[in-house]
Amino acid sequence: MCGAAPLLDAESEPDHSSPLIARRHPMKATIRYRFNAELHDDESLYERARGVVERLADVHFGFREWWTVPAKARQSPFALGDREDVLKLIEMQRQEFQRKYPGVPLSVSNGVLLSNARSEKQWRANGSITIAINPGPGEVRLDIGDLSAATETPTELVWSSLRALTEDPRAVFAQTNVKQSVGKDRKLYSLNCGVFPHRDFLGWMGYVNQAVSESQVPDAARVERQGQGTLILATEKVDLFDARLIEKMNKVEISLAELGLLPITDAGISE
C-alpha cells in the first residue's frame, strides 16, 4: 500500500549496521512536459533540442553542458555544441529507424537523447541525469536518477527545472513522477500512489495550461503563474512512504480533476 510506514523514519538517518533498518536507495524524479506533436527535419530537431537545454542552463551548473547518449557501446558521445557531428548522428539514427521499421511514421522516434556527462562514471556522480527531447510524440522528459547526488536541495532543483522547461509557450501539461525504494520495497508514484486509474497524474509537482488560484487547490504547497498557465507544487518534500504526504498529493490531484485539468487517459471514458 502506498504510504505504508517504512522501518526507517522519513526524518532519520539510516544506520546500515543494523539488520532491522531498511536501506534507502537513491530517489529518482522524472519531469515530463507535453505539447502538440511536431515533426522536424534534422536541423530543426537539433535547434529544438538546443532551445530546451538552454532554458535549463541557469537552473544548475550541471545543466550547462550536454552530450549525446551513444546507442552502441563503441560509439563516442558528442557535445551538443558540435553541431555537425550531432546532425550526422541524428541523420544516422533516423535512417536506421526507417530501415528497421519501414512504414512506421517517423514521428514515433523523432527525438534526441542527451546526458549531462561525457562518461558513465561522471554521469553517475552528477546524479544520473538525462533529457529526451521528442517533438514527434510531443514531449520532453528530464530524468534525475539520483536526487541526492545531483543536489543538496532536491525540491528547488526539480521546481526550478520544471519552471524552466514550461517556459516553452507550447507546453500544455507537465507532471513529476517519483520512484523510491526502502529495502526491497519499491514504489513509483504513478503506479502505486496516484488517485485516478483513468486520468493522468500531477505527482510531486507540475504545470497546467490554465490560470489556477491558491483557493482552487488549497492543499498545494505552492501555486505560481507561468505564462498562460500555472505551476503547482503538491508538497515541499516528497516521500512515497509517508502517508500524510501522499494524501496531500492526492488531494491536489482531486482538486485539479474537479477543475477538469487532469487529462483522461482511458479512451472509453469521457468527462
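At-a-glance table
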| read-out | value |
| --- | --- |
| Neighbours by Cβ (under 8 Å, 6+ apart or cross-chain): first from the stretch 246-259, farther than 15 Å from TYR189 by Cβ and without any contact (Cβ under 8 Å) to a residue 60 or more places away in the chain; second outside any helix (DSSP H, G or I) and among the polar types (S, T, N, Q) | SER255/GLN216; LEU259/GLN210; LEU259/GLN216 |
| Single unsatisfied condition, LEU56 versus (1) within 26 Å of SER148 (Cβ to Cβ); (2) touching a Gly at 6+ places or on another chain (Cβ under 7 Å) | (2) |
| Boolean, GLU214 is part of a loop (DSSP other than H, G, I, E, B) and not aliphatic (A, V, I, L, M) | yes |
| Residue in the stretch 145-158 that is touching a strand residue (DSSP E or B) at 6+ places or on another chain (Cβ under 8 Å), part of a loop (DSSP other than H, G, I, E, B) and at pLDDT 90 or above present | yes |
| Matching entry among THR235, THR230 (being in a strand (DSSP E or B), without any contact (Cβ under 8 Å) to a residue 40 or more places away in the chain and surrounded by 17 or more Cβ atoms within 10 Å (Cβ to Cβ)) | THR230 |
| Members of the stretch 96-148 that are touching a residue at least 40 places away in the same chain (Cβ under 8 Å), under 19 Å from MET27 (Cα atoms) and hydrophobic (A, V, I, L, M, F, W, C) | ILE129, ILE131, LEU142, ILE144, LEU147 |
| Among residues of the stretch 238-266, those that are out of contact with any Pro (no Cβ under 7 Å at 6 or more places or on another chain) and part of a loop (DSSP other than H, G, I, E, B), counted | 11 |
| The stretch 57-80, residues that are touching a residue at least 12 places away in the same chain (Cβ under 8 Å) and assigned to a loop (DSSP other than H, G, I, E, B) | ASP58, VAL59, HIS60, GLU65, TRP66, VAL69, ALA71, PRO77, LEU80 |
| Unmet requirement for SER161, which otherwise passes all of (1) out of contact with any helix residue (DSSP H, G or I) (no Cβ under 6 Å at 6 or more places or on another chain); (2) polar (S, T, N, Q); (3) at pLDDT below 95 | (3) |
| Of all residues in the stretch 171-222 being of a type in the set (Val, Ile, Thr) and more than 18 Å from GLU247 (Cα to Cα), the one that is surrounded by the most Cβ atoms within 10 Å (Cβ to Cβ) | VAL208 |
| Residues being of a type outside the set (A, V, I, L, M, F, W, C), within 19 Å of the chain's Cα centre (by Cα) and farther than 18 Å from LEU147 by Cβ - total across the stretch 237-262 | 2 |
| Output for the stretch 81-127, where each listed residue is exposed (fewer than 14 other Cβ atoms within 10 Å of the Cβ) and assigned to a loop (DSSP other than H, G, I, E, B) | GLY81, TYR101, PRO102, GLY103, VAL104, PRO105, SER119 |
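Yes/no matrix, rows are residues, columns are (1) closer than 13 Å to VAL52 by Cα; (2) of a type in the set (S, T, N, Q):
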position: PRO102; (1), (2): no, no
position: LEU114; (1), (2): yes, no
position: GLN122; (1), (2): no, yes
position: ILE131; (1), (2): yes, no
position: GLU139; (1), (2): yes, no
position: SER148; (1), (2): no, yes
position: SER160; (1), (2): no, yes
position: GLU167; (1), (2): yes, no
position: ALA171; (1), (2): yes, no
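The values are calculated or read from the model by the stated rules, or taken from the named source; none is laboratory data. Since the model is a prediction, treat every value here as computed from it, not as a measurement. Glycine gets a Cβ as well: all are built from the backbone with ideal geometry, and neighbour counts include every protein chain shown.
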